[in-house]
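Q: Please read through the structure below; I'll follow up with questions.
The values are calculated or read from the model by the stated rules, or taken from the named source; none is laboratory data. These numbers come from a predicted model, not from an experiment. Glycine gets a Cβ as well: all are built from the backbone with ideal geometry, and neighbour counts include every protein chain shown.
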Amino acid sequence: MKDRLPDDLRALFNAAWRGGEAARAWHQELKAGDWLVLLLGSIAVACSCALLWRGGVADRAIVQRDGKTVVELSLDSARKVPVDGALGVTVIEVQPGRARVLSDPGPRQYCVQQGWLTRAGAVAICAPSHITLQLNGGNGGKAGYDSLNY
């Protein structure tokens, strides 16, 4: 095999770019079983993405301070809820099917910049204020993350 592939990496890339012998050599070595494994692996990855990475529809927003639930809001009607945090008042806005942190006294505003949360399991964390906004759906109240630290 050494006689077919160049020793220099630059020469290998140049040969691949021009479609030389080195570029054609790798797929000529693949057998039917190799192609089958590649095909099945691609199908498994596509199915895993479709089945495992969906958050579902959110039906309620849970606002917590220091890990304790302050208020649980239904996502059926529009409202704004002020929540006392460590730095001051954080305002949570709820619209039908979505929620967001409207304002926060924190210095960097990361939770405000996160915008509207729409999928179950989505979380906005206002770390300096110790406020967490999480959307839950029909998954039995299970969180979409293993732990929450700040």
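Q: Can you confirm whether Gly140 is modelled with pLDDT under 95, under 25 Å from Asp76 (Cβ atoms), part of a loop (DSSP other than H, G, I, E, B) and more than 19 Å from the chain's Cα centre (by Cα)?
A: Values: modelled with pLDDT under 95: yes; under 25 Å from Asp76 (Cβ atoms): yes; part of a loop (DSSP other than H, G, I, E, B): yes; more than 19 Å from the chain's Cα centre (by Cα): yes.
Against the criterion (modelled with pLDDT under 95, under 25 Å from Asp76 (Cβ atoms), part of a loop (DSSP other than H, G, I, E, B) and more than 19 Å from the chain's Cα centre (by Cα)), Gly140 qualifies.
Q: Go through the residues of segment 95-102 one by one and say whether even a single one is of a type in the set (Lys, Arg) and over 21 Å from the mean Cα position of the chain (by Cα).
A: Step one: filter segment 95-102 for residues of a type in the set (Lys, Arg), giving 98, 100.
Okay, now just the ones that are also over 21 Å from the mean Cα position of the chain (by Cα), so none.
Scanning segment 95-102, I find no residue that is of a type in the set (Lys, Arg) and over 21 Å from the mean Cα position of the chain (by Cα), so the answer is no.
Q: I'd like the full set of residues that are of a type in the set (D, E, K, R) and without any contact (Cβ under 8 Å) to a residue 60 or more places away in the chain, limited to segment 55-107.
A: First pass over segment 55-107, keeping only residues of a type in the set (D, E, K, R): 59-60, 65-66, 68, 72, 76, 79-80, 84, 93, 98, 100, 104.
Result: Lys68, Glu72, Asp76, Arg79, Lys80, Asp84, Glu93, Arg98, Arg100, Asp104.
Q: Shifting gears a bit: Among the listed residues Arg100, Arg108, Arg79, which satisfies the condition of being crowded, with 17+ Cβ neighbours inside 10 Å and among the basic types (Lys, Arg)?
A: Details: Arg108 fails: crowded, with 17+ Cβ neighbours inside 10 Å; Arg79 fails: crowded, with 17+ Cβ neighbours inside 10 Å.
Criteria check complete, one pass: Arg100.
Q: For segment 50-81, enumerate the residues that are at pLDDT below 90 and assigned to a strand (DSSP E or B).
A: Val57, Ala58, Asp59 - these are the residues of segment 50-81 that are at pLDDT below 90 and assigned to a strand (DSSP E or B).
Q: Being under 23 Å from Asn136 (Cβ atoms) and among the polar types (S, T, N, Q) is true for just one of Ser48, Ser77. Which residue is that?
A: On the way: Ser48 fails: under 23 Å from Asn136 (Cβ atoms).
When all the criteria are applied, what remains is Ser77.
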